[in-house]
Amino acid sequence: MIRDKKLNEEIVIDLTGPQGNAFFLLGYASKLAKQLDFEDVDGLLADMKAGDYDHLVKVFDEHFGDFIILEK
């Protein structure tokens, strides 16, 4: 059986798991920013890298919190 993908499925990232590492979040942010046509992807990534891990997560959440749920 083939079914249509649900449109309202939540995307959840477990920050305590392998997807919670900084490199994954930076890569995912880059991918999402390009898909959402952000004007300054490099600036976003630079901002994410400008502080510690908590800063990176905060910036990620500020920009993608409407689409991605972060769990810790």
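Just so it is clear, none of the values below were taken in a lab; they were calculated from the coordinates. Treat the numbers as computed from the prediction; the structure is a model and nothing was measured. Virtual Cβ from ideal backbone geometry, glycine too; neighbours counted across all protein chains shown.
Laid out as a table, the results:
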| quantity | calculated |
| --- | --- |
| Positive minus negative residues near ILE13 (Lys, Arg vs Asp, Glu; Cβ under 11 Å) | -3 |
| Kirkwood Rh, Cα atoms: Rg over Rh of the chain | 1.02 |
| Under 15 Å from the Cα of LYS49 - aspartates and glutamates, other chains or at least 8 residues apart | ASP40, ASP61, GLU62 |
| Amide proton proximity set for LEU70, modelled H, under 5 Å, gap of 5+ | ILE13 |
